[in-house]
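Asks: Mind having a look at this structure? Questions to follow.
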Amino acid sequence: MSLHVSQSRPKRYLTTAVAVAASSLLLAACGSSSDSGGSGGSGGSGAGKNSVTFMPKSLGNKYFEASDKGGKTAVTAFKGTFKEAGATEASPTSQSPFIQTATQQQTGAIVLAANDPKAVCSDLNAAKQAGVKVVTFDSDTECRDLFINQVTVAGVADGLVDLMGKHLNGKGKIGIESGGPNATNLNAWVAAIKTKMASKYPGVKIVDVVYGNDVDADSYNAAKGLIQSHSDLNGIIAPDSVAVKEAAHFISDSPQYKSKIWLTGLGLPSELKGYVKSGVIEKFGLWNPEDLGYLAAYAAHALIDGTITGKEGDTFTAGKLGKYTVGKNGEVVLGPLFVFDKSNVDQFAF
Ligand code: RAM
């Protein structure tokens, strides 16, 4: 199972992550955008055919800081201009003004993780009309040229359901804690987790689904509400990096739940390793978010230079990750779900 993490990478990542985090904090004050030029741009705005504008769900989320860092590495490698634009809030409408600005600036491609599949469509369609290539990553919408999917929906659901179902020996009550209530990826995973759990572990009942909006405080309170309102709860699946981190945070603050609630989900090793060591969480899943951004940037580049149009069977090379083929519905899949636990959690920089 390859996660494309080289031995030397963690140290380098840590150094730059500090810089990325610091700049994101500054941007997060008002919601903003930032440039980093290569030779492909046509000026200070970061516009130009070879410019790629990354739009995460929100700024300040470490998961998207990692994916955007991977995107920047790729854009720098193909000598384009990298730009990141977004707001601090992951709401359905928060991405629209940034899409409009990037279109006016004639960016070559927008690479977006959609907070809401419908709310962004009129602006993305206008961008496409103006000649901008549109790639989604992490969370899809129909109005794009290509979707870079981290792991198939079934891959995420199977992995998380098996972790929980096996731990509970097929019997118990659990809740799901998600992030943004409109996000395509999260809603697809929640639906698939429900279906898979019912068919594979019918004795494990999902009693509630709560949402933390990808915000720390909301996610902490969602976990608290879920646990306190179901006294017989045995576990939580949190398929969202902010939700799983804050559920772990709440359980850590409330030791009476530590041996009672078995928590798993999708999270960053860098954010969860302390909780793994203190026994709040044993196993969780993810992919390499840096590679996701890196692949999305190369896909944008291939669309911009006409190597691909996004149709099934198109192939392109994504730098160090190698060759990828576009599958059904204009989708490219990065790889399988990777499971982290105390044996490996220290080995990853993201
Ligand atoms: C959050 C976001 C993102 C998801 C990760 C696991 O950061 O909801 O979409 O893929 O968690």
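Asks: Where q = 0.10 Å⁻¹, what log10 of I(q)/I(0) comes from the Debye formula for the chain, counting one point per Cα?
Replies: The Debye formula, applied to the Cα set alone, gives -0.57.
Asks: Let me ask something else about it. Need one number: the % of Cα-Cα pairs in region 42-152 sitting beyond the 20 Å mark.
Replies: 32 percent
Asks: How much accessible area per residue does the chain have, in Å², with a 1.4 Å probe?
Replies: Normalised by residue count, the accessible surface of the chain is 40 Å².
Asks: Relative to the present Cα-Cα distance, how much length would full extension add between Gln100 and Asp346 at 0.36 nm per residue of separation?
Replies: In short, 84.5 nm is gained.
Asks: Still on this structure, please answer the following. Evaluate the Kirkwood expression for the hydrodynamic radius of region 198-292, namely the inverse of the mean inverse distance over all pairs of different C-alpha atoms, and round to one decimal in Å.
Replies: Its Kirkwood hydrodynamic radius stands at 13.6 Å.
Asks: Still on this model: What percentages make up the Cα-Cα pair-distance distribution of region 181-244 when the bins are 5 Å wide from 0?
Replies: Once binned at 5 Å, the Cα pair distances of region 181-244 give 3, 17, 26, 25, 20, 8, 1.
Asks: Between the DSSP loop rule and a limit of at most 16 other Cβ atoms within 10 Å, which GluC sites (Glu not before Pro) in region 223-307 are left?
Replies: Glu282
Asks: Using a Debye calculation, one point per C-alpha and no hydration shell, please list log10 I(q)/I(0) for region 107-206 at q = 0.16, 0.18, 0.19, 0.20 Å⁻¹ in order.
Replies: With one equal scatterer per Cα and no solvent, log10 I(q)/I(0) is -0.70, -0.80, -0.86, -0.91.
Asks: So, in nm, how far is label Glu331 from label Asn125 when the simple model puts each one 7 Å beyond its Cα toward the Cβ?
Replies: 2.3 nm
Asks: What number, in percent, do you get for the relative contact order of the chain if the mean sequence gap of Cα pairs under 8 Å and at least 6 apart is divided by its residue count?
Replies: Contact order relative to length: 18 percent.
Asks: For the chain, which whole percent of the accessible surface, found with a 1.4 angstrom probe, sits on carbon and sulfur atoms?
Replies: The computed percentage sits at 53.
Asks: Please list the non-local residues whose amide H lies under 5 Å from the amide H of Gly48, H modeled 1.01 Å from N, same-chain partners needing a gap of 5 or more.
Replies: Amide H neighbours of Gly48: Ser42, Thr107, Gly108.
Asks: Here's a follow-up. Convert 10 °C to kelvin, take the viscosity as 1.306 mPa s, use the Kirkwood radius over C-alpha pairs of region 245-350 as Rh, and evaluate the Stokes-Einstein diffusion coefficient in µm²/s, rounded to a whole number.
Replies: 100 µm²/s
The values are calculated or read from the model by the stated rules, or taken from the named source; none is laboratory data. Quantities reported herein were computed from a predicted structural model and do not represent experimental measurements. With ideal geometry, Cβ positions are generated from the backbone for all residues, glycine too; neighbour counts draw on all protein chains shown. Ligands, DNA and RNA are stripped out before the accessible areas are found, and what is left, the full protein with its side chains, is counted by its heavy atoms. Shrake-Rupley method; radii C 1.70, N 1.55, O 1.52, S 1.80 Å.
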